[in-house]
Structure formats: C-alpha cells, structure tokens
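Down below is the structure, laid out as structure tokens.
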Number of protein chains: 2
Amino acid sequence: MEKMIALTRGVPPTQSFATEKLQACVQTALKDYPEKILQYAKAAGFPPLREWVAERYKVDAGRVIIGTGSLCVLDHVLRSFPMGSLTVAIEEPTYDRTVTQLKRAQAKLIPCPIKKDGLDFTPLKEALARGEKLDFFYVVSDFQNPTGSLMPLTKREELVRLAREHGFRIIEDLPYRQLRYSGEPIPSCWEMAPDITLLMTSFSKLIAPGLRVGLMILPEELVAQTLKIAEDTYINSSYVDQAIVYEFCKRGWLEEQLDDLRKLYGHRRNVMAEAMAEELTGLCEWTVPDGGFFIGAFVNKPIKMDELLKLGKENGLQLTDGRGFYMQGGDQFVRLPFCALEDDEIKEGIKRLAKVLREYPG
Amino acid sequence: MEKMIALTRGVPPTQSFATEKLQACVQTALKDYPEKILQYAKAAGFPPLREWVAERYKVDAGRVIIGTGSLCVLDHVLRSFPMGSLTVAIEEPTYDRTVTQLKRAQAKLIPCPIKKDGLDFTPLKEALARGEKLDFFYVVSDFQNPTGSLMPLTKREELVRLAREHGFRIIEDLPYRQLRYSGEPIPSCWEMAPDITLLMTSFSKLIAPGLRVGLMILPEELVAQTLKIAEDTYINSSYVDQAIVYEFCKRGWLEEQLDDLRKLYGHRRNVMAEAMAEELTGLCEWTVPDGGFFIGAFVNKPIKMDELLKLGKENGLQLTDGRGFYMQGGDQFVRLPFCALEDDEIKEGIKRLAKVLREYPG
C-alpha cells in the first residue's frame with residue numbers, strides 16, 4: 001500500500017529544531033550557573049527568563065509564570081478556583097486540550113460559534129441576559145487551532161468591551177502570534193486590556209516543544225493563588241529547560257529562528273493553499289490564514305466523520321476527528337495542518353482528501 | 001549579628017551536583033537523538049529511562065510513569081479518582097507536601113502516630129472496625145521525612161497484611177532508600193507486595209533536584225487513568241531532563257554518585273549525631289537514623305512552636321515549624337536536616353538550639 005499521509009497533529013517538524021544552538025545554550029547554563037538551575041527553586045520560573053519575557057511584554061516580571069507548557073500553567077490557574085465554580089465562554093470550534101482542562105475543573109461552558117465574519121457573541125449575550133456570571137472567555141485569537149482563523153479587530157474590541165462591562169476576564173492563548181507569514185499584526189486583546197487578560201504563550205512552537213517551556217502573564221491579583229497550586233503540584237518546573245530558552249533568547253537566536261520558521265511555514269502554507277484551490281474548490285469552504293499551523297476546511301456535503309475517517313484510511317490518509325474541537329457536531333470540519341509535512345506530502349494529502357470527498361456518497 | 005544558620009529545608013548541597021558529568025550527558029542526548037527529546041511526546045516518560053528503571057526494579061516498563069518530580073506523578077494518581085472520594089491513612093508526622101496534595105483531593109485522612117517502636121496502626125484499625133473503606137496508606141518507610149525513622153520490618157509486614165486483608169493499597173515514598181550510611185537494607189513494602197504498592201522515587205536527591213525527574217511504579221490497573229491525567233495536564237514532562245538522567249544512569253555514574261553522596265551525608269550525619277549527644281542530651285529525645293537527610297528531635301519541655309521559632313531567630317537559628325508535619329500538635333517536634341550544612345554549621349546550629357531550649361522558660 002502507498003505510504004500513509006498524516007494530516008493530523010500540528011507539531012513543528014524535527015528539521016526546525018536548532019539542535020546545535022540548543023547545545024551551546026545548555027553548556028553555558030550548566031557551566032556558568034549550575035547552582036541556579038540544578039537545585040529546587042521557586043514555582044514561578046527561572047528569574048532571568050521571567051525578566052526577559054517581562055521586558056518583551058512590558059509588564060512586571062512578577063506577573064509572569066513559567067511552567068511545563070502554557071497548558072500546565074492554565075491548569076494551575078483553573079485549579080486555584082473552587083472545583084465547579086467557573087463559567088467559561090469558548091470559541092467553537094476550539095483547542096480541544098483546553099476544553100478537557102475546563103471540563104476537569106467542572107466549568108460551565110458557553111460555546112460561541114466562529115462564523116465567516118468571526119466570533120458570534122450571541123450565546124454569551126443570551127447567557128449574560130439570563131443573569132449568568134461569566135468568569136473567563138477563552139480565545140485563540142491569532143491563527144486559531146483548529147481553524148487557522150484570525151479574530152477580526154472589531155471582534156477583539158467587542159470582546160474587551162463585553163469583558164469590561166460584565167466583569168469577566170479574557171484568557172488569550174497566543175502560541176502562533178509570532179508565526180505570521182503575510183499581512184500586518186492586529187492588536188491582541190492582551191495589548192488592549194492587559195489588566196483583565198490572561199495571556200498564554202509558549203516556546204514550544206518557536207524553539208522546541210520538548211523543552212516544555214510555556215508561560216502565562218496573569219493579572220496581578222491571580223498570581224499568588226496560581227503559584228500556590230504550581231508549588232503544591234511540582235515545586236517547580238525544570239529550570240534547566242528554562243535556562244536553555246533564556247540563553248537562546250538572550251543571544252538573539254529566537255529572532256533568527258522566527259525568520260527561518262516564517263520562511264518554512266509560509267512556504268508550506270502556500271503549497272497547501274494552492275493544492276486546496278486546485279483540488280477542493282466546490283468540495284469545501286476555507287480561508288487561507290496569514291499564519292499559524294492550520295487551514296480549517298468545512299466540507300460542503302453532509303458527511304459523517306466516522307465514515308470520512310474510515311474512507312481516509314482506506315485511501316492512505318490519516319485525518320483528525322473534527323468533532324474533537326466541538327461541543328456538539330463537527331462532522332463537517334477537517335483541520336489541515338501544513339506545518340509538519342513536506343511539499344509532496346501536502347499535495348498528495350490534499351489530492352487524497354479531494355478524492356475521498358468526491359467519492360463520498362450523497 | 002552572627003550569621004544565621006538554616007536548620008530548615010532538606011535539600012542536597014550544591015557541591016554534590018556532578019555538573020561536568022551532566023554536561024556530558026546532555027551533549028550526548030542532544031547530539032545522538034535530538035528528535036526523540038525535542039518533540040512532543042508520550043506522558044509516561046522517556047522510553048529508555050522507563051526501561052532502565054523497569055530493569056532495576058524488575059517490573060514491566062509499562063508500569064513506570066516518569067514526571068516532573070514524583071510528587072507531580074502522585075498528584076496525577078490522586079486526580080484520577082473522583083474529587084473527595086478517597087480515604088487515605090498517613091503517618092504522623094509525615095511529609096507535608098503529600099498532605100497538601102491529599103487535602104487538595106479532598107481525601108479523608110486517618111493519621112497513625114509514629115511511636116518509639118514504629119508506626120501505631122490503632123487509628124487505622126479503629127477506622128476499619130467502624131466500616132471505613134480505606135483506599136491508600138501513604139508511608140515514607142526508609143529514613144522518613146521528617147523524622148528520619150526507619151519503619152521496622154514487623155511493621156512493614158503488618159502493613160502489607162492489613163492491606164491484603166482490607167483491600168487497600170500502599171503508597172510507599174522512597175526517595176532516601178538508596179542513601180543508607182550504616183546497617184543493612186530491610187525489604188520495602190513494594191518488594192513484599194508490588195501488586196498492591198505504588199512506589200514513589202526520584203532522582204532529585206540522587207542526581208539533582210533541578211532536573212525535576214521523579215517517578216512512580218504503579219499497579220497495572222492504575223496506569224491508564226493516571227496517564228490520562230498527566231497528558232491532559234502537561235502533554236509530557238521534559239524528555240531533555242529525563243534523557244540527562246538516563247545517560248547518567250547508563251554510564252554507571254549513578255553508582256559513583258551514590259558512593260560519593262553516602263560518604264558526604266554519612267559523615268554529616270555523624271557530625272550531627274555527635275553534636276546532639278553532646279548538646280541536647282536531656283533536652284530532646286531522638287534516634288540516629290541509618291540514612292536519609294534528617295534527625296527528628298522531640299523536645300522534652302512543653303514548648304510552644306511560635307515561641308521556639310522566635311527564640312531561634314533571635315539566636316541566629318532558622319528552624320522548620322514542626323506543626324507542618326502534623327494534623328494536630330507538633331509543637332514538640334524539630335526536624336534537623338544534616339544534608340546541606342557544613343560541619344561547623346551543624347555543630348554551631350545544634351549548639352544554638354541547645355541554648356534556646358535550655359533558656360526556654362519552664
């Protein structure tokens with residue numbers, strides 16, 4: 001059988017890891033300040049990296065919490081509230097791992113659909129009108145996982161306005177913000193309202209996921225309770241990894257790395273966009289994103305996901321179950337990651353998807 | 001004022017870190033298999049390290065879960081049960097961080113006192129007689145934190161017998177087991193009953209805490225539910241750190257390191273034991289442990305801990321609040337760590353403690 005093509009997980013390709021630079025970084029760290037990174041330490045993270053982040057984001061370093069990936073820091077935040085006490089609005093579709101964490105916290109979820117013109121706040125407004133007290137709105141506003149969509153400025157402004165009016169906070173997850181391949185950045189919610197926004201970001205997609213270094217910048221009043229949970233969970237996350245990231249950033253290598261990644265991923269996005277235009281026109285709807293890892297395709301036919309996954313496999317194509325990103329439904333949604341595949345694989349993958357969709361009964 | 005002596009945290013001294021060896025380990029890992037440690041990975045841990053541990057403990061590698069310290073893996077285990085559903089017996093005094101995690105899980109706690117002849121099971125037996133259904137008994141059976149005590153073999157046998165009879169599991173936390181300076185090892189509960197014991201151990205005290213590499217060996221039926229929690233919390237803990245530990249162990253450097261540590265700590269234990277015999281006889285009761293980091297001292301006078309801590313500070317001595325290791329009481333208990341202090345500091349620290357206790361009113 002022909003080689004299976006994995007149009008599934010959105011991970012950085014191995015070739016993108018700057019292994020030799022990382023070696024230099026860890027050597028420096030272990031040579032110059034072993035006692036600072038090999039001992040038990042504070043849960044908030046390696047102080048020089050906190051300072052570096054703080055300077056970049058123009059905030060007090062006391063608000064920066066670094067952990068075993070940004071997701072883990074979010075988990076600390078959620079656990080710092082009583083179980084079952086939170087009400088959280090989310091985009092639909094959205095990043096599935098966050099939904100899993102929200103469900104573990106027994107949060108009440110209010111999904112708001114992402115439409116052609118961006119996020120539709122109607123379900124949120126209805127809930128607020130019913131007297132619901134919202135705690136957080138979780139958004140991946142830049143090049144969302146899974147759709148690749150960019151939240152329009154007007155929607156960001158509306159979200160901030162709603163948050164101020166109704167006293168809720170925004171959790172803005174921005175792992176892809178610096179991976180923009182075309183167009184100009186638009187202000188993040190965090191930039192517009194840093195006092196009520198919890199910013200999540202990570203070095204996983206920028207340097208290497210295996211270092212497990214992610215972070216959140218929190219409103220000051222949430223820092224102490226979050227650190228308590230972090231310390232009680234793992235005392236601290238590895239400063240060895242955090243020092244590697246710090247040395248990498250300090251040397252200016254992050255900027256070099258970002259340049260390389262933007263070239264690599266920008267090219268792959270173009271290849272996928274071209275292949276989709278050629279193969280999928282009429283079969284799906286999609287928007288070509290200006291950055292990130294994914295193009296979200298909405299299938300025009302009323303398909304069943306189980307059947308699509310099965311047909312995909314029979315045609316040498318692994319697909320992600322779109323329903324995982326939805327509270328309900330998602331059968332029509334296919335997340336197409338262009339980050340980790342070679343040009344040929346992207347083209348062949350899209351060709352196979354088109355074949356499956358054309359042959360899909362109905 | 002004279003320099004404050006910190007008779008507080010039990011951490012390995014900086015001088016014990018084999019920095020150059022660690023550098024060699026990370027170089028090999030990043031050179032030979034960067035793609036295996038820099039990518040997202042499975043929550044269970046770096047496979048070669050799991051295999052190494054499995055071989056050492058003669059178990060299937062599938063039962064080994066490596067995480068950001070063993071405490072973090074315990075947290076995953078506890079979270080894999082419904083909140084508030086667990087009943088857990090503990091030693092009193094015991095390791096305070098575990099108690100914090102048990103409280104977060106809203107576990108019902110049954111403290112059993114550590115007495116001169118070892119753990120007293122009376123409260124457990126009473127609870128069982130009342131019809132309580134026990135889930136776990138948490139013990140630090142070798143050179144306990146905080147008392148330094150070694151659970152006698154007869155008590156271990158009784159604990160295993162009770163566990164089998166009443167269908168509960170033992171969580172045996174053994175970070176100090178390999179740090180024995182005199183006498184012969186006695187079988188662990190895990191060795192006697194590996195099917196019903198959850199073994200916790202860690203490389204924090206053996207290589208370096210900052211690597212944050214700890215592990216649990218679980219009964220097979222608990223593995224899947226624990227891994228689900230781990231993955232949903234942080235996808236995986238850093239394989240970079242785990243690969244450093246693996247390379248260190250593979251080269252036989254762990255054995256060398258253990259030899260060095262046993263010499264270092266054995267000597268310090270002797271220095272502290274001698275100083276205590278000289279200074280504290282009549283003021284406290286204690287047993288000199290055969291290993292670990294601590295000597296637990298029980299003050300003969302009826303003191304108040306707040307007052308003792310205050311008097312300590314006035315005399316240039318930082319002490320740990322003994323009440324932190326107890327559910328109730330603990331005013332009479334002082335944990336004395338000998339691991340991180342130089343000989344002179346140990347002698348001077350004990351001298352100051354003796355002065356404070358002699359001068360304590362009453």
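Values in this text are rule-based calculations from the coordinates and carry no lab data. Note that the structure is a prediction, hence the values are computed from the model and not measured. When we count neighbours, we look across all protein chains shown, and the Cβ atoms used for this are built from the backbone with ideal geometry, even at glycine.
Any idea what the dipole of chain B comes to, in debye rounded to 20, about its Cα centre with Lys/Arg Cβ at +1 and Asp/Glu Cβ at -1?
500
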>> Under 5 Å between amide hydrogens, which residues at least 5 positions from A:Asp173 or on another chain qualify, with H placed 1.01 Å from N in the peptide plane?
In response: A:Val139, A:Val140, A:Ser141, A:Met200
> Simple spin-label model, 7 Å along Cα-to-Cβ: B:Lys116 to A:Leu153 in nm?
Replying inline: 8.1
>> Taking the Cα of B:Arg9, stepping 7 Å toward and past its beta carbon, and measuring to each backbone N in the stretch A:22-45: which are under 16 Å?
In response: A:34-45
>> Under the rule of at least 5 residues apart or a separate chain, name every residue whose amide H is placed under 5 Å from the amide H of B:Glu92.
In response: B:Cys112, B:Ile114
>> Could you tell me the calculated FRET efficiency between B:Lys31 and A:Glu35, based on Cβ-Cβ distance and R0 = 35 angstrom, to the nearest 0.05?
In response: 0.85
> Could you give, in nm with one decimal, how far A:Lys125 is from each other copy of that position, shortest first, with labels 7 Å out from Cα toward Cβ?
Replying inline: 7.0
>> List, shortest first and in nm to one decimal, how far the label point of A:Lys31 (7 Å from Cα along Cα→Cβ) is from its counterparts in the other copies.
In response: 1.5
> Tell me which aspartates and glutamates have Cα within less than 16 Å of A:Lys347's Cα, excluding those fewer than 8 residues away on the same chain?
Replying inline: A:Glu2, A:Glu274, A:Glu278, A:Glu279
> Arranged by the count of other C-beta atoms within 10 angstrom, fewest first, what order do A:Val11, B:Val271, B:Val240 take?
Replying inline: A:Val11, B:Val271, B:Val240
> Once a ≥ b ≥ c are taken as the square roots of the eigenvalues of the Cα gyration tensor of the protein assembly as shown, is the result rounded (a/c under 1.5), prolate (a/b larger than b/c) or oblate (a/b not larger than b/c)?
Replying inline: prolate
>> Can you pull out the GluC sites (Glu not before Pro) in the stretch B:1-61 whose DSSP state is coil and whose Cβ has at most 11 other Cβ atoms within 10 Å?
In response: B:Glu2
> With a 10 Å Cβ neighbour count serving as the proxy for reagent exposure, in which order, fewest first, do A:Thr19, B:Thr98 appear?
Replying inline: A:Thr19, B:Thr98
> Hey, how many Å between the Cα centroid of the stretch A:189-258 and the Cα centroid of the stretch B:143-174?
Replying inline: 40
> Just for the stretch A:90-198, what percent of DSSP beta bridges are antiparallel, to the closest 5?
Replying inline: 15
> From the square roots a ≥ b ≥ c of the eigenvalues of the alpha-carbon gyration tensor of the stretch A:228-362, which class results: rounded (a/c under 1.5), prolate (a/b over b/c), or oblate?
Replying inline: oblate
>> Given Cβ point charges of +1 (Lys, Arg) and -1 (Asp, Glu) and nothing else, what value in debye, to the nearest 20, does the dipole of the protein assembly as shown about its Cα centre take?
In response: 720
> Which distances in nm, rounded to one decimal and ordered from shortest, link the label point of A:Val11 to the equivalent label points in the other identical copies, with labels set 7 Å from Cα toward Cβ?
Replying inline: 3.3
>> Compute for the stretch B:19-251: radius of gyration divided by Kirkwood radius, i.e. Rg/Rh, restricted to C-alpha atoms, rounded to two decimals.
In response: 0.98
> Expressed as a whole number of Å, what is the distance separating the alpha-carbon centroids of the stretch B:267-316 and the stretch B:93-128?
Replying inline: 24
> Whose amide H sits under 5 Å from the amide H of A:Leu7, counting only residues 5 or more places off or on another chain, with H placed in the peptide plane?
Replying inline: A:Gln318
> According to a simple spin-label model (label point 7 Å from Cα along Cα-to-Cβ), what is the distance in nm between B:Gln106 and B:Glu55?
Replying inline: 4.5
> Roughly speaking, what is the stretch gain from A:Asn270 to A:Asn315, that is 0.36 nm per residue apart minus the C-alpha to C-alpha distance, in nm to one decimal?
Replying inline: 13.8 nm
> Could you give the length gained on full extension between B:Lys42 and B:Glu184, defined as 0.36 nm per residue of separation minus the Cα-Cα distance, in nm?
Replying inline: 47.3 nm
>> Using Cβ counts within 10 Å as a stand-in for footprinting exposure, how do A:Leu7, A:Leu258, A:Leu353 rank, fewest first?
In response: A:Leu258, A:Leu7, A:Leu353
> For the stretch B:24-92 and the stretch A:48-85, what is the separation of their Cα centres, given in Å?
Replying inline: 24
> Anyone know which of A:Pro34, A:Pro337, A:Pro175 comes out most mobile in the 10 Å Cα GNM of chain A?
Replying inline: A:Pro34
> Average partner chain C-beta neighbours within 10 Å, per residue of B:201-209?
Replying inline: 2
> FRET efficiency for A:Met327 and B:Thr19, Cβ-Cβ distance as r, R0 = 60 Å, nearest 0.05?
Replying inline: 0.75
>> Name the residue from A:Pro219, A:Leu124, A:Ile66 whose Cα lies farthest towards the positive end of the charge dipole of the stretch A:19-252, charges +1 on Cβ of Lys and Arg and -1 on Cβ of Asp and Glu.
In response: A:Ile66
>> If I model a spin label as a point 7 Å beyond the Cα along the Cα-Cβ vector, how far apart are those points for A:Arg161 and A:Met83 in nm?
In response: 4.0
>> Which residue, B:Pro82, B:Ile196, B:Leu258, has the largest displacement toward the positive end of the dipole of chain B when charges sit on each Cβ (Lys, Arg +1; Asp, Glu -1)?
In response: B:Pro82
>> Just to confirm a number: summing +1 for Lys and Arg and -1 for Asp and Glu over residues other than A:Glu231 whose beta-carbon lies under 11 angstrom from that of A:Glu231, what do you get?
In response: +2
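Pull up the DSSP beta bridges for the protein assembly as shown and report the antiparallel fraction as a percent, rounded to 5.
Bridges in the protein assembly as shown are about 50 percent antiparallel.
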> What aspartates and glutamates could a cross-link reach from A:Lys36, if we take a straight Cα to Cα line under 17 Å and drop same-chain neighbours fewer than 8 places away?
Replying inline: A:Glu51, A:Asp241, A:Glu247, B:Glu20, B:Asp241
